[in-house]
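I have placed the structure first, in the form of C-alpha coordinates, so that the comments after it can refer back to it.
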Amino acid sequence: MSRARIEVVDALRAFALVGILQVNIQSFVWGAGDPLGFFVTPPGTLDAAVYLLTATFVSMKFLSIFAFLFGVGFAMQWRSLRRRLPLAEARAAYRRRLGFLLVAGVSHGTLLYFGDILTAYALVGFLLLRHAGQRPAALVAATRRWGLAFILLTVVGMMLVEGLRQALPPADDPANVPAWALERLAAYAQGSYLEQVGPRISDFLSVLGSTALFGVPQVMVLFLLGAIAGRLGWLARPERHPQVWRVVGRIGLLALPVAVAGAWINFETMRDSPGDPGAVGTALQSISAPLAGLYVAAFVRWQQAPAGRRLIVWLAPAGRMPLTNYVAQSLLMGLLLSGWGFGRTRPNRTGAAGAGDCPRADRRQSRVHRALRRGTAGGAVAAGDLWLKPSRQRGRTVASPQRGAPASRHIGRPDDQPRPGAPVAMRSMRATNQRSLKPPTKQSASTSAGDNWPRLINPASTNNTIGTATAAPMRGREKLSQRCVRRSGLRADRSARSQLKAKLTRPPK
(Lines give C-alpha, C1' and ligand atoms only; values in the text may rest on other atoms or scores of the structure.)
Protein backbone atom coordinates (compact mmCIF):
# COMPACT_ATOMS: atom_id res chain seq x y z
CA MET A 1 0.00 0.00 0.00
CA SER A 2 2.90 2.30 0.69
CA ARG A 3 4.23 1.57 -2.81
CA ALA A 4 0.85 2.51 -4.39
CA ARG A 5 0.73 5.69 -2.32
CA ILE A 6 4.17 6.79 -3.49
CA GLU A 7 3.39 6.02 -7.13
CA VAL A 8 0.16 8.01 -7.09
CA VAL A 9 1.81 11.04 -5.51
CA ASP A 10 4.76 10.89 -7.89
CA ALA A 11 2.51 10.48 -10.91
CA LEU A 12 0.48 13.51 -9.83
CA ARG A 13 3.69 15.54 -9.47
CA ALA A 14 4.76 14.64 -13.00
CA PHE A 15 1.27 15.41 -14.29
CA ALA A 16 1.38 18.81 -12.58
CA LEU A 17 4.81 19.60 -14.08
CA VAL A 18 3.52 18.89 -17.58
CA GLY A 19 0.58 21.24 -17.10
CA ILE A 20 2.77 23.97 -15.59
CA LEU A 21 5.01 23.84 -18.65
CA GLN A 22 2.05 24.32 -21.00
CA VAL A 23 1.30 27.65 -19.34
CA ASN A 24 4.87 28.80 -18.70
CA ILE A 25 5.96 28.24 -22.29
CA GLN A 26 4.38 31.56 -23.29
CA SER A 27 6.00 33.60 -20.56
CA PHE A 28 9.47 32.37 -21.49
CA VAL A 29 9.35 34.99 -24.25
CA TRP A 30 6.59 37.41 -23.20
CA GLY A 31 7.78 38.19 -19.70
CA ALA A 32 5.70 38.75 -16.58
CA GLY A 33 2.53 39.79 -18.36
CA ASP A 34 -0.44 37.60 -19.07
CA PRO A 35 0.77 34.02 -18.53
CA LEU A 36 -0.80 32.93 -21.82
CA GLY A 37 0.82 35.69 -23.87
CA PHE A 38 -0.63 38.31 -26.20
CA PHE A 39 -2.21 38.24 -29.63
CA VAL A 40 -0.10 40.29 -31.98
CA THR A 41 -2.66 39.76 -34.76
CA PRO A 42 -6.40 39.04 -34.52
CA PRO A 43 -6.68 35.42 -33.37
CA GLY A 44 -7.99 32.80 -35.74
CA THR A 45 -10.22 29.91 -34.79
CA LEU A 46 -7.31 27.70 -33.77
CA ASP A 47 -5.67 30.45 -31.70
CA ALA A 48 -8.94 31.20 -29.90
CA ALA A 49 -9.66 27.53 -29.22
CA VAL A 50 -6.17 26.85 -27.84
CA TYR A 51 -6.27 29.97 -25.65
CA LEU A 52 -9.72 29.18 -24.23
CA LEU A 53 -8.92 25.52 -23.57
CA THR A 54 -5.63 26.38 -21.89
CA ALA A 55 -7.13 29.17 -19.81
CA THR A 56 -10.06 26.99 -18.73
CA PHE A 57 -8.45 23.64 -17.98
CA VAL A 58 -4.75 24.35 -17.44
CA SER A 59 -4.02 27.86 -16.14
CA MET A 60 -3.91 28.00 -12.31
CA LYS A 61 -5.03 24.35 -12.06
CA PHE A 62 -1.74 22.52 -12.26
CA LEU A 63 -0.03 25.02 -9.99
CA SER A 64 -2.77 24.19 -7.48
CA ILE A 65 -2.01 20.47 -7.80
CA PHE A 66 1.69 21.16 -7.28
CA ALA A 67 0.99 23.23 -4.15
CA PHE A 68 -1.40 20.59 -2.82
CA LEU A 69 1.28 17.93 -3.27
CA PHE A 70 3.78 20.15 -1.45
CA GLY A 71 1.47 19.95 1.56
CA VAL A 72 1.22 16.17 1.17
CA GLY A 73 5.02 15.94 1.10
CA PHE A 74 5.23 18.15 4.17
CA ALA A 75 2.99 15.78 6.13
CA MET A 76 5.05 12.75 5.09
CA GLN A 77 8.40 14.40 5.81
CA TRP A 78 7.25 15.68 9.17
CA ARG A 79 6.09 12.22 10.19
CA SER A 80 9.48 10.82 9.22
CA LEU A 81 11.35 13.56 11.10
CA ARG A 82 9.33 13.10 14.27
CA ARG A 83 10.08 9.38 14.31
CA ARG A 84 13.80 10.11 14.52
CA LEU A 85 14.10 13.54 16.20
CA PRO A 86 12.53 15.49 19.04
CA LEU A 87 10.23 18.39 18.22
CA ALA A 88 12.79 21.22 18.27
CA GLU A 89 15.34 19.32 16.19
CA ALA A 90 12.65 18.25 13.70
CA ARG A 91 11.64 21.89 13.19
CA ALA A 92 15.27 22.89 12.70
CA ALA A 93 15.79 20.11 10.14
CA TYR A 94 12.75 21.17 8.14
CA ARG A 95 13.85 24.81 8.26
CA ARG A 96 17.15 23.75 6.69
CA ARG A 97 15.23 22.06 3.90
CA LEU A 98 13.20 25.19 3.33
CA GLY A 99 16.39 27.24 3.29
CA PHE A 100 17.85 25.01 0.58
CA LEU A 101 14.61 25.33 -1.40
CA LEU A 102 14.74 29.12 -1.02
CA VAL A 103 18.29 29.29 -2.37
CA ALA A 104 17.36 27.02 -5.26
CA GLY A 105 14.29 29.14 -6.03
CA VAL A 106 16.14 32.46 -6.01
CA SER A 107 18.87 31.00 -8.23
CA HIS A 108 16.29 29.57 -10.60
CA GLY A 109 14.32 32.81 -10.75
CA THR A 110 17.30 35.07 -11.42
CA LEU A 111 19.38 32.79 -13.65
CA LEU A 112 16.85 30.82 -15.70
CA TYR A 113 13.16 31.70 -15.38
CA PHE A 114 11.58 34.65 -13.61
CA GLY A 115 8.29 32.83 -13.00
CA ASP A 116 9.83 30.58 -10.36
CA ILE A 117 7.44 29.19 -7.75
CA LEU A 118 10.03 27.52 -5.51
CA THR A 119 10.87 30.81 -3.78
CA ALA A 120 7.25 31.48 -2.88
CA TYR A 121 6.74 27.89 -1.73
CA ALA A 122 9.81 28.08 0.52
CA LEU A 123 8.69 31.36 2.11
CA VAL A 124 5.12 30.17 2.65
CA GLY A 125 6.54 26.90 3.95
CA PHE A 126 7.85 28.73 7.02
CA LEU A 127 4.23 29.67 7.76
CA LEU A 128 3.15 26.09 7.20
CA LEU A 129 5.76 24.90 9.69
CA ARG A 130 3.78 26.64 12.45
CA HIS A 131 1.02 24.05 11.91
CA ALA A 132 3.37 21.07 12.13
CA GLY A 133 2.14 18.41 14.52
CA GLN A 134 -1.37 19.89 14.87
CA ARG A 135 -4.41 17.66 14.91
CA PRO A 136 -6.56 17.38 11.77
CA ALA A 137 -9.31 19.48 13.37
CA ALA A 138 -6.88 22.35 13.93
CA LEU A 139 -5.65 22.05 10.34
CA VAL A 140 -9.23 22.21 9.06
CA ALA A 141 -9.90 25.34 11.12
CA ALA A 142 -6.73 26.98 9.80
CA THR A 143 -7.75 26.07 6.25
CA ARG A 144 -11.08 27.80 6.71
CA ARG A 145 -9.44 30.98 7.99
CA TRP A 146 -6.95 31.14 5.14
CA GLY A 147 -9.69 30.32 2.64
CA LEU A 148 -11.83 33.20 3.88
CA ALA A 149 -8.80 35.50 3.68
CA PHE A 150 -8.18 34.36 0.11
CA ILE A 151 -11.74 35.10 -1.01
CA LEU A 152 -11.83 38.50 0.67
CA LEU A 153 -8.44 39.50 -0.69
CA THR A 154 -9.39 38.40 -4.19
CA VAL A 155 -12.65 40.36 -4.17
CA VAL A 156 -11.09 43.48 -2.63
CA GLY A 157 -8.16 43.34 -5.02
CA MET A 158 -10.46 42.98 -8.02
CA MET A 159 -12.55 45.97 -6.93
CA LEU A 160 -9.43 48.04 -6.29
CA VAL A 161 -7.92 47.28 -9.69
CA GLU A 162 -11.19 47.98 -11.50
CA GLY A 163 -11.56 51.26 -9.64
CA LEU A 164 -8.07 52.32 -10.63
CA ARG A 165 -8.82 51.41 -14.24
CA GLN A 166 -11.81 53.72 -14.24
CA ALA A 167 -9.96 56.54 -12.50
CA LEU A 168 -6.71 56.24 -14.49
CA PRO A 169 -7.37 55.41 -18.13
CA PRO A 170 -4.39 54.07 -20.10
CA ALA A 171 -2.11 56.63 -21.70
CA ASP A 172 -1.77 54.63 -24.93
CA ASP A 173 -4.34 53.03 -27.16
CA PRO A 174 -5.76 50.06 -25.18
CA ALA A 175 -6.22 48.10 -28.42
CA ASN A 176 -2.44 47.87 -28.82
CA VAL A 177 -0.13 45.39 -27.18
CA PRO A 178 1.63 47.30 -24.37
CA ALA A 179 5.06 48.66 -25.24
CA TRP A 180 6.61 46.99 -22.18
CA ALA A 181 5.34 43.59 -23.38
CA LEU A 182 6.93 44.09 -26.79
CA GLU A 183 10.16 45.18 -25.11
CA ARG A 184 10.15 41.99 -23.05
CA LEU A 185 9.46 39.96 -26.18
CA ALA A 186 12.47 41.51 -27.92
CA ALA A 187 14.66 41.00 -24.84
CA TYR A 188 13.79 37.38 -24.15
CA ALA A 189 13.36 36.18 -27.71
CA GLN A 190 16.47 37.77 -29.20
CA GLY A 191 18.67 39.20 -26.46
CA SER A 192 21.83 37.54 -25.26
CA TYR A 193 21.99 35.92 -21.84
CA LEU A 194 23.57 38.99 -20.23
CA GLU A 195 21.01 41.28 -21.85
CA GLN A 196 18.23 39.20 -20.30
CA VAL A 197 19.56 39.34 -16.74
CA GLY A 198 18.12 42.78 -15.96
CA PRO A 199 14.60 42.11 -17.35
CA ARG A 200 14.58 38.66 -15.74
CA ILE A 201 15.41 39.99 -12.26
CA SER A 202 12.83 42.77 -12.64
CA ASP A 203 10.13 40.29 -13.67
CA PHE A 204 11.16 37.89 -10.90
CA LEU A 205 10.72 40.58 -8.25
CA SER A 206 7.40 41.60 -9.82
CA VAL A 207 6.06 38.05 -9.70
CA LEU A 208 7.32 37.57 -6.15
CA GLY A 209 5.71 40.84 -5.03
CA SER A 210 2.33 39.99 -6.58
CA THR A 211 2.45 36.56 -4.94
CA ALA A 212 3.19 38.15 -1.57
CA LEU A 213 0.23 40.53 -1.96
CA PHE A 214 -2.41 38.21 -3.36
CA GLY A 215 -1.10 34.63 -3.48
CA VAL A 216 -0.09 33.74 0.08
CA PRO A 217 -3.61 32.85 1.34
CA GLN A 218 -4.32 30.69 -1.71
CA VAL A 219 -1.00 28.85 -1.40
CA MET A 220 -1.56 28.32 2.32
CA VAL A 221 -5.01 26.83 1.68
CA LEU A 222 -3.53 24.34 -0.77
CA PHE A 223 -0.63 23.51 1.55
CA LEU A 224 -2.98 22.87 4.44
CA LEU A 225 -5.33 20.75 2.32
CA GLY A 226 -2.35 18.66 1.26
CA ALA A 227 -1.21 18.34 4.87
CA ILE A 228 -4.69 17.14 5.85
CA ALA A 229 -4.72 14.63 2.97
CA GLY A 230 -1.29 13.32 3.96
CA ARG A 231 -2.20 13.17 7.64
CA LEU A 232 -5.49 11.29 7.13
CA GLY A 233 -4.29 9.01 4.32
CA TRP A 234 -6.60 10.27 1.58
CA LEU A 235 -3.99 9.39 -1.04
CA ALA A 236 -2.40 6.44 0.79
CA ARG A 237 -5.67 4.56 1.27
CA PRO A 238 -8.27 6.11 -1.01
CA GLU A 239 -10.55 3.07 -0.72
CA ARG A 240 -11.20 4.09 2.91
CA HIS A 241 -12.32 7.59 1.87
CA PRO A 242 -14.62 7.20 -1.16
CA GLN A 243 -16.95 9.94 0.04
CA VAL A 244 -14.07 12.43 0.26
CA TRP A 245 -13.11 11.94 -3.37
CA ARG A 246 -16.71 12.08 -4.55
CA VAL A 247 -17.06 15.46 -2.84
CA VAL A 248 -13.75 16.65 -4.30
CA GLY A 249 -14.90 15.69 -7.78
CA ARG A 250 -18.22 17.52 -7.36
CA ILE A 251 -16.45 20.66 -6.14
CA GLY A 252 -14.26 20.50 -9.25
CA LEU A 253 -17.31 20.26 -11.48
CA LEU A 254 -18.90 23.25 -9.75
CA ALA A 255 -15.75 25.28 -10.43
CA LEU A 256 -15.88 24.52 -14.17
CA PRO A 257 -18.41 27.27 -15.12
CA VAL A 258 -16.35 29.82 -13.18
CA ALA A 259 -13.23 28.73 -15.07
CA VAL A 260 -15.05 29.04 -18.42
CA ALA A 261 -16.27 32.55 -17.55
CA GLY A 262 -12.80 33.68 -16.46
CA ALA A 263 -11.18 32.23 -19.57
CA TRP A 264 -13.66 33.97 -21.88
CA ILE A 265 -13.25 37.34 -20.18
CA ASN A 266 -9.47 37.10 -20.38
CA PHE A 267 -9.67 36.05 -24.02
CA GLU A 268 -11.81 39.06 -24.89
CA THR A 269 -9.36 41.30 -23.05
CA MET A 270 -6.32 39.93 -24.87
CA ARG A 271 -8.16 40.15 -28.18
CA ASP A 272 -9.69 43.62 -27.90
CA SER A 273 -7.88 45.64 -25.24
CA PRO A 274 -4.56 44.08 -24.17
CA GLY A 275 -3.29 47.53 -23.20
CA ASP A 276 -6.03 47.89 -20.56
CA PRO A 277 -6.43 44.50 -18.84
CA GLY A 278 -9.13 44.05 -16.24
CA ALA A 279 -9.06 42.03 -13.03
CA VAL A 280 -12.39 40.21 -13.27
CA GLY A 281 -11.16 37.39 -15.50
CA THR A 282 -8.03 36.86 -13.41
CA ALA A 283 -10.06 36.79 -10.21
CA LEU A 284 -12.46 34.24 -11.64
CA GLN A 285 -9.60 32.04 -12.76
CA SER A 286 -8.08 32.18 -9.28
CA ILE A 287 -11.40 31.24 -7.70
CA SER A 288 -11.81 28.38 -10.22
CA ALA A 289 -8.61 26.68 -8.99
CA PRO A 290 -10.69 23.92 -7.26
CA LEU A 291 -11.24 22.51 -10.75
CA ALA A 292 -7.88 20.84 -10.13
CA GLY A 293 -9.62 18.66 -7.55
CA LEU A 294 -11.45 16.96 -10.42
CA TYR A 295 -8.11 15.89 -11.93
CA VAL A 296 -6.76 14.59 -8.62
CA ALA A 297 -10.00 12.72 -7.88
CA ALA A 298 -9.87 11.09 -11.32
CA PHE A 299 -6.29 9.95 -10.70
CA VAL A 300 -7.11 8.52 -7.31
CA ARG A 301 -10.39 6.84 -8.23
CA TRP A 302 -9.12 5.32 -11.50
CA GLN A 303 -5.69 4.20 -10.30
CA GLN A 304 -6.74 0.56 -10.15
CA ALA A 305 -8.17 0.55 -13.66
CA PRO A 306 -5.80 -0.92 -16.29
CA ALA A 307 -5.45 2.34 -18.23
CA GLY A 308 -5.06 4.40 -15.07
CA ARG A 309 -2.49 1.98 -13.70
CA ARG A 310 -0.41 2.17 -16.88
CA LEU A 311 -0.55 5.97 -16.80
CA ILE A 312 0.59 6.11 -13.18
CA VAL A 313 3.47 3.68 -13.77
CA TRP A 314 4.55 5.72 -16.81
CA LEU A 315 4.44 9.10 -15.01
CA ALA A 316 5.77 8.10 -11.59
CA PRO A 317 9.52 8.08 -12.43
CA ALA A 318 9.40 11.71 -13.60
CA GLY A 319 7.63 12.71 -10.40
CA ARG A 320 10.29 11.26 -8.12
CA MET A 321 12.60 14.19 -8.94
CA PRO A 322 10.24 17.19 -9.06
CA LEU A 323 12.86 19.82 -8.27
CA THR A 324 15.30 18.54 -10.88
CA ASN A 325 12.65 18.24 -13.57
CA TYR A 326 11.17 21.66 -12.78
CA VAL A 327 14.54 23.37 -13.19
CA ALA A 328 15.42 21.22 -16.21
CA GLN A 329 12.32 22.28 -18.10
CA SER A 330 13.26 25.93 -17.59
CA LEU A 331 16.76 25.24 -18.88
CA LEU A 332 15.44 23.39 -21.93
CA MET A 333 12.84 26.04 -22.75
CA GLY A 334 15.42 28.77 -22.40
CA LEU A 335 17.80 26.86 -24.65
CA LEU A 336 15.07 26.31 -27.22
CA LEU A 337 13.31 29.69 -27.22
CA SER A 338 15.64 32.39 -25.90
CA GLY A 339 18.02 34.54 -27.89
CA TRP A 340 20.98 33.00 -26.08
CA GLY A 341 19.86 29.55 -27.21
CA PHE A 342 18.49 28.29 -30.50
CA GLY A 343 16.00 31.15 -30.63
CA ARG A 344 13.16 29.06 -32.01
CA THR A 345 10.65 31.77 -31.16
CA ARG A 346 8.41 32.22 -34.15
CA PRO A 347 8.50 35.92 -35.14
CA ASN A 348 5.10 37.54 -35.20
CA ARG A 349 3.60 39.17 -38.24
CA THR A 350 4.08 42.68 -36.98
CA GLY A 351 7.77 42.19 -36.42
CA ALA A 352 7.45 42.71 -32.69
CA ALA A 353 10.77 41.09 -32.15
CA GLY A 354 12.29 43.97 -34.06
CA ALA A 355 14.88 46.62 -33.56
CA GLY A 356 16.71 47.24 -30.35
CA ASP A 357 19.58 49.62 -29.79
CA CYS A 358 22.70 49.36 -31.94
CA PRO A 359 24.96 47.66 -32.61
CA ARG A 360 23.12 44.43 -31.79
CA ALA A 361 19.95 45.61 -33.50
CA ASP A 362 21.37 44.90 -36.95
CA ARG A 363 21.86 41.21 -36.19
CA ARG A 364 18.43 40.96 -34.55
CA GLN A 365 16.71 42.57 -37.52
CA SER A 366 18.47 40.29 -39.96
CA ARG A 367 16.99 37.28 -38.12
CA VAL A 368 13.48 38.69 -38.41
CA HIS A 369 14.01 39.58 -42.07
CA ARG A 370 15.23 36.10 -42.90
CA ALA A 371 12.17 34.60 -41.20
CA LEU A 372 9.84 36.96 -43.07
CA ARG A 373 11.51 36.15 -46.38
CA ARG A 374 10.74 32.49 -45.74
CA GLY A 375 7.06 33.42 -45.45
CA THR A 376 6.77 32.69 -41.74
CA ALA A 377 3.39 33.74 -40.41
CA GLY A 378 3.75 34.02 -36.66
CA GLY A 379 0.92 34.13 -34.23
CA ALA A 380 0.54 35.14 -30.70
CA VAL A 381 3.55 33.72 -29.24
CA ALA A 382 6.72 31.82 -28.86
CA ALA A 383 7.09 28.10 -29.34
CA GLY A 384 4.30 27.88 -31.83
CA ASP A 385 5.70 24.56 -32.93
CA LEU A 386 5.27 23.21 -29.41
CA TRP A 387 1.93 24.53 -28.25
CA LEU A 388 0.12 27.43 -29.93
CA LYS A 389 0.18 26.91 -33.69
CA PRO A 390 -1.38 30.02 -35.20
CA SER A 391 -3.13 29.69 -38.51
CA ARG A 392 -0.90 30.52 -41.46
CA GLN A 393 -2.24 33.50 -43.35
CA ARG A 394 -0.54 35.13 -46.29
CA GLY A 395 -1.00 38.54 -47.75
CA ARG A 396 -1.07 40.37 -44.43
CA THR A 397 0.34 43.88 -44.09
CA VAL A 398 3.00 44.15 -41.42
CA ALA A 399 5.10 46.84 -39.83
CA SER A 400 8.72 47.17 -40.77
CA PRO A 401 11.08 46.33 -37.90
CA GLN A 402 13.13 49.47 -38.61
CA ARG A 403 12.06 52.86 -37.38
CA GLY A 404 10.93 55.16 -40.09
CA ALA A 405 10.95 52.50 -42.80
CA PRO A 406 7.77 52.02 -44.85
CA ALA A 407 5.13 51.15 -42.30
CA SER A 408 3.53 48.35 -44.26
CA ARG A 409 5.11 45.49 -46.13
CA HIS A 410 3.60 42.48 -47.81
CA ILE A 411 4.95 39.14 -46.75
CA GLY A 412 4.58 35.68 -48.09
CA ARG A 413 6.02 36.25 -51.61
CA PRO A 414 9.64 35.45 -52.35
CA ASP A 415 10.16 38.56 -54.50
CA ASP A 416 9.26 41.01 -51.71
CA GLN A 417 12.76 40.87 -50.22
CA PRO A 418 16.06 40.67 -52.14
CA ARG A 419 18.20 37.62 -51.68
CA PRO A 420 20.67 38.14 -48.80
CA GLY A 421 24.35 38.49 -49.62
CA ALA A 422 24.12 39.99 -53.12
CA PRO A 423 25.53 43.50 -53.76
CA VAL A 424 22.18 44.57 -55.21
CA ALA A 425 20.54 43.59 -51.95
CA MET A 426 23.08 45.66 -50.04
CA ARG A 427 22.48 48.73 -52.18
CA SER A 428 18.72 48.23 -51.86
CA MET A 429 19.08 48.03 -48.08
CA ARG A 430 21.08 51.24 -48.05
CA ALA A 431 18.46 52.98 -50.20
CA THR A 432 15.73 51.83 -47.82
CA ASN A 433 17.67 53.09 -44.81
CA GLN A 434 18.29 56.46 -46.50
CA ARG A 435 14.60 56.80 -47.30
CA SER A 436 13.80 55.97 -43.68
CA LEU A 437 15.82 59.00 -42.51
CA LYS A 438 13.54 61.40 -44.36
CA PRO A 439 10.69 62.92 -42.33
CA PRO A 440 7.27 61.44 -43.19
CA THR A 441 5.18 63.39 -45.67
CA LYS A 442 1.56 64.24 -45.18
CA GLN A 443 0.52 61.25 -47.24
CA SER A 444 2.67 58.80 -45.28
CA ALA A 445 2.36 60.33 -41.82
CA SER A 446 -0.68 58.21 -41.02
CA THR A 447 1.15 54.98 -41.76
CA SER A 448 4.66 55.76 -40.54
CA ALA A 449 5.93 53.96 -37.49
CA GLY A 450 5.93 56.68 -34.85
CA ASP A 451 6.97 54.24 -32.22
CA ASN A 452 9.90 51.90 -31.85
CA TRP A 453 7.50 48.99 -31.45
CA PRO A 454 4.85 47.97 -33.96
CA ARG A 455 1.18 48.35 -33.19
CA LEU A 456 -1.41 45.61 -32.82
CA ILE A 457 -3.75 45.21 -35.74
CA ASN A 458 -7.07 46.70 -34.69
CA PRO A 459 -9.68 43.93 -34.87
CA ALA A 460 -12.42 46.50 -35.47
CA SER A 461 -10.82 47.90 -38.63
CA THR A 462 -11.93 46.74 -42.07
CA ASN A 463 -8.41 46.22 -43.39
CA ASN A 464 -5.28 44.54 -42.12
CA THR A 465 -2.99 47.50 -41.72
CA ILE A 466 -1.03 48.31 -38.61
CA GLY A 467 -2.45 50.88 -36.23
CA THR A 468 -1.49 54.42 -37.22
CA ALA A 469 0.66 56.88 -35.33
CA THR A 470 1.28 60.53 -36.06
CA ALA A 471 4.76 61.98 -36.46
CA ALA A 472 6.21 63.49 -33.31
CA PRO A 473 9.44 65.29 -32.45
CA MET A 474 12.31 62.89 -32.13
CA ARG A 475 13.36 61.89 -28.63
CA GLY A 476 16.73 60.61 -27.57
CA ARG A 477 15.85 56.96 -28.21
CA GLU A 478 14.49 57.80 -31.68
CA LYS A 479 17.70 59.65 -32.60
CA LEU A 480 19.72 56.69 -31.36
CA SER A 481 17.61 54.31 -33.47
CA GLN A 482 18.09 56.45 -36.59
CA ARG A 483 21.84 56.52 -35.99
CA CYS A 484 21.72 52.72 -35.78
CA VAL A 485 19.87 52.57 -39.09
CA ARG A 486 22.40 54.94 -40.70
CA ARG A 487 25.32 52.90 -39.40
CA SER A 488 23.78 49.64 -40.58
CA GLY A 489 23.39 51.15 -44.07
CA LEU A 490 26.98 52.34 -44.13
CA ARG A 491 28.26 48.96 -42.98
CA ALA A 492 26.17 47.21 -45.62
CA ASP A 493 27.46 49.55 -48.34
CA ARG A 494 31.07 49.02 -47.28
CA SER A 495 30.56 45.27 -47.28
CA ALA A 496 29.05 45.42 -50.77
CA ARG A 497 31.96 47.51 -52.09
CA SER A 498 34.48 45.13 -50.53
CA GLN A 499 32.82 42.14 -52.14
CA LEU A 500 32.68 43.82 -55.54
CA LYS A 501 36.33 44.91 -55.30
CA ALA A 502 37.43 41.42 -54.34
CA LYS A 503 35.50 39.98 -57.26
CA LEU A 504 37.01 42.45 -59.80
CA THR A 505 40.58 42.05 -58.54
CA ARG A 506 40.45 38.29 -58.28
CA PRO A 507 43.04 36.75 -60.64
CA PRO A 508 41.66 34.58 -63.40
CA LYS A 509 41.83 30.88 -62.82
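Looking at the range 334-341, can you tell me whether even one residue there is open to solvent by 20 Å² or more (accessible area, probe 1.4 Å) and either at pLDDT below 85 or charged (D, E, K, R) (or both)?
no
Among the residues in the range 183-194, are any open to solvent by less than 50 Å² (accessible area, probe 1.4 Å) and either among the β-branched types (Val, Ile, Thr) or out of contact with any Gly (no Cβ under 9 Å at 6 or more places or on another chain) (or both)?
Checking the range 183-194: not a single residue is open to solvent by less than 50 Å² (accessible area, probe 1.4 Å) and either among the β-branched types (Val, Ile, Thr) or out of contact with any Gly (no Cβ under 9 Å at 6 or more places or on another chain) (or both).
Collect the residues in the range 161-196 that are aliphatic (A, V, I, L, M) and either modelled with pLDDT of 90 or more or outside any helix (DSSP H, G or I) (or both), keeping them in residue-number order.
Across the range 161-196, the qualifying residues are Leu168, Ala171, Ala175, Val177, Leu194.
Across the range 15-58, what is the total count of residues that are in a helix (DSSP H, G or I), touching a residue at least 12 places away in the same chain (Cβ under 8 Å) and more than 29 Å from Ala229 (Cβ to Cβ)?
Total meeting the criteria: 13.
Which residues, counting only those in the range 142-158, are out of contact with any helix residue (DSSP H, G or I) (no Cβ under 8 Å at 6 or more places or on another chain) and surrounded by 13 or more Cβ atoms within 10 Å (Cβ to Cβ)?
Scanning the range 142-158 gives a single hit, Arg145.
Between residues in the range 119-138 that are over 23 Å from Ile201 (Cα atoms) and of a type in the set (Ser, Thr, Tyr) and residues that are open to solvent by 20 Å² or more (accessible area, probe 1.4 Å) and at pLDDT below 95, which pairs lie under 8 Å by C-beta distance while being six or more apart or on different chains?
none
Report every pair of residues separated by at least 6 positions or lying on different chains whose Cβ atoms are under 7 Å apart, first residue within the range 240-258 and at negative phi, second part of a helix (DSSP H, G or I) and of a type in the set (Val, Ile, Thr).
Taking only residues 6 or more apart or on different chains, the pairs are Trp245/Val300; Val248/Val296; Val258/Ile287.
Go through the range 284-313 and report how many residues are open to solvent by 50 Å² or more (accessible area, probe 1.4 Å) and touching a residue at least 24 places away in the same chain (Cβ under 8 Å).
The total comes to 6.
Considering every residue within the range 71-89, establish whether at least one is touching a residue at least 12 places away in the same chain (Cβ under 8 Å) and either of a type in the set (Ser, Thr, Tyr) or under 14 Å from Tyr326 (Cβ atoms) (or both).
For the range 71-89, residues touching a residue at least 12 places away in the same chain (Cβ under 8 Å) and either of a type in the set (Ser, Thr, Tyr) or under 14 Å from Tyr326 (Cβ atoms) (or both): present.
Results for (1) surrounded by fewer than 20 Cβ atoms within 10 Å (Cβ to Cβ); (2) at pLDDT 95 or above; (3) in contact with a Cys (Cβ under 6 Å, 6 or more places away or on another chain), shown as yes or no for each residue.
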| position | (1), (2), (3) |
| --- | --- |
| Asp47 | no, no, no |
| Ala55 | no, no, no |
| Arg83 | yes, no, no |
| Leu87 | yes, no, no |
| Val103 | yes, yes, no |
| Val106 | yes, yes, no |
| Phe114 | no, no, no |
| Arg135 | yes, no, no |
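Rundown of residues vs (1) under 24 Å from Trp234 (Cβ atoms); (2) assigned to a helix (DSSP H, G or I); (3) of a type in the set (A, V, I, L, M), yes/no style:
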| residue | (1), (2), (3) |
| --- | --- |
| Val106 | no, yes, yes |
| Gly115 | no, no, no |
| Leu128 | yes, yes, yes |
| Arg145 | yes, yes, no |
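Spot the failing condition for Ile228; the list is (1) open to solvent by less than 30 Å² (accessible area, probe 1.4 Å); (2) part of a helix (DSSP H, G or I); (3) farther than 12 Å from Val140 by Cα, and only one is missed.
Result: Ile228 fails condition (3) only.
Within the range 209-225, which residues are under 21 Å from the mean Cα position of the chain (by Cα), open to solvent by less than 40 Å² (accessible area, probe 1.4 Å) and either within 14 Å of Ile151 (Cβ to Cβ) or without any contact (Cβ under 8 Å) to a residue 40 or more places away in the chain (or both)?
Hits for the range 209-225 are Gly209, Gly215, Val216, Gln218.
Got at least one residue in the range 59-75 being surrounded by 21 or more Cβ atoms within 10 Å (Cβ to Cβ), in a loop (DSSP other than H, G, I, E, B) and at negative phi?
yes
Regarding Leu12, is this residue open to solvent by less than 20 Å² (accessible area, probe 1.4 Å), assigned to a helix (DSSP H, G or I) and within 25 Å of Ala120 (Cα to Cα)?
Judged against the criteria, Leu12 is a match.
Picking from Arg250, Arg246, Arg237, which residue would you name as being farther than 28 Å from Leu52 by Cβ and at pLDDT 90 or above?
Arg246
Can you go through Val216, Val280, Val296 and tell me which one is among the β-branched types (Val, Ile, Thr) and under 20 Å from Met76 (Cα atoms)?
Val296
How about the range 266-283: which of its residues are open to solvent by 60 Å² or more (accessible area, probe 1.4 Å) and part of a helix (DSSP H, G or I)?
If the condition is that a residue be open to solvent by 60 Å² or more (accessible area, probe 1.4 Å) and part of a helix (DSSP H, G or I), then Glu268, Arg271, Asp272, Thr282 are the ones that fit.
Could you give every pair whose Cβ atoms fall below 9 Å, whose first residue belongs to the range 170-195 and is without any contact (Cβ under 8 Å) to a residue 24 or more places away in the chain, and whose second residue is open to solvent by 50 Å² or more (accessible area, probe 1.4 Å), counting only separations of at least 6 or pairs across chains?
Listed by first residue and then by second, the contacts come to Leu194/Trp340.
So if I check each of Ser366, Ser330, which one is at pLDDT 90 or above and either closer than 21 Å to Ala14 by Cα or open to solvent by 20 Å² or more (accessible area, probe 1.4 Å) (or both)?
Ser330
The values are calculated or read from the model by the stated rules, or taken from the named source; none is laboratory data. If you're wondering where the values come from, they're calculated on a predicted model, not measured in any experiment. Methodologically, a virtual Cβ is constructed for each residue, glycine included, from the backbone with ideal geometry; neighbour enumeration extends over all protein chains shown. Surface areas here come from the heavy atoms of the whole protein model, side chains and all, with no ligands, DNA or RNA. Shrake-Rupley method; radii C 1.70, N 1.55, O 1.52, S 1.80 Å.
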